[in-house]
1. Residues with amide H under 5 Å of H151's amide H, sequence separation 5 or more or different chain, H placed in the peptide plane at 1.01 Å from N; which?
2. Treat every Asp and Glu Cβ in the stretch 71-259 as -1 and every Lys and Arg Cβ as +1, leave all other atoms uncharged, and give the resulting dipole magnitude about the Cα centre to the nearest 20 debye.
3. Where in the stretch 209-251 is the amide nitrogen less than 18 Å from a point lying 7 Å along the Cα-to-Cβ axis of E11?
4. FRET efficiency for D244 and K177, Cβ-Cβ distance as r, R0 = 25 Å, nearest 0.05?
5. Where Lys and Arg each count +1 and Asp and Glu each count -1, what net charge lies around V5 among other residues with Cβ under 14 Å from its Cβ?
6. Around V245, which amide H atoms from residues at least 5 apart in sequence, or from another chain, sit under 5 Å from its own amide H, with H modelled in the peptide plane?
7. At 7 Å along the Cα-to-beta-carbon direction for both K186 and N139, put a label point, then send me their distance in nm to one decimal.
8. Return the tail of the calculated pair distribution for the stretch 71-259, meaning the percent of Cα-Cα pairs more than 30 Å apart.
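What follows is calculated from the coordinates using simple rules that are stated; it is not laboratory data. The shown structure was predicted, so the numbers you read here are calculated from the model rather than taken from an experiment. We place every Cβ from the backbone using ideal geometry, glycine too, and count neighbours over all the protein chains shown.
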Amino acid sequence: MVDQVKDEEIESFRKKVSSILHPGTLFGFSYTKPFGYSGDFFIIEKFYQGYVNPDEKCRKWDHFIHASGAVTAVVNRKTLAIDIFEKLNEKALGLRQDVMILGSGPVTETFEFLERNPDSPLVFEMLDLDKRAIAYAKNKNRKYLDRMTFHNANVIRFTPTRNFDLIWSAGLFDYFKGKHFVYLLKKYYEYLNEGGEMIIGNFNIENPSRRNMEILGDWFLYHRSAEELKGFATQAGIDESKIDVIQEPLGINLFLRVKK
Ligand SMILES: C[S@@+](CC[C@H](N)C(=O)[O-])C[C@H]1O[C@@H](n2cnc3c(N)ncnc32)[C@H](O)[C@@H]1O
């Protein structure tokens, strides 16, 4: 239904559904942006939790958003992050491995990983611009703060003080223009250890829920193809043999993976 709405009809369509475009529904939370921007830690955590407002008027809209491809892909990418941490954990053979997460949000993937692997030698640095995200993530991960360092900083300005075996970022680079994407890729690639990898998520141009998110959630992202993502890595000066693109099971979220 929403897919058929033309650009010039967006405002009148939003008026028709205005009774649900308030922070009590997930679409409305995205639309009204109580934290000032789309894709804050709070809504992402609600996606992970499958939260549904018990109020009858809101419930069906929350079920609708959770059933969407985009939200399923967001939940899938958390599972993918945990799988990647698990592989690094196996490879580590008990030796310390440094992981950095750019745009770390609620830090739910790391929490779930550590719940399953409490003795893991993985050590994490988290970077997020929003101090409310940092406060939430610290409280959530309070059992594991001995192996987590939090930085309340902008990825563009932050300068790491060490190298990493893995740099992971999901839900961040698809807010950046191409030139900023390339700049950040080039910058953080310098902070990878030999044999390390950087994995960056980005919504695919094939996203069946794009229009729902844009119209009902006022949530706009740069959608990119695998070829475009590979092109960014080439522009960042990374050798072709070190570049590939992986995806979560739906293929709605792609991940540029570059190795050092
Ligand atoms: C969509 S959330 C993704 C959170 C987490 N990576 C996940 O997948 O669960 C994006 C996060 O990036 C943070 N963020 C946005 N722009 C940023 C920037 N320029 N520097 C650092 N963090 C940023 C936001 O505050 C938010 O917590």
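1. Correct list: M126, L127, D128.
2. Value, rounded to 20: 520 debye.
3. Answer for the stretch 209-251: 215-219.
4. 0.60
5. -1
6. Amide H neighbours of V245, under 5 Å, 5+ apart: R257.
7. 4.1
8. The answer is 15 percent, as a whole percent.
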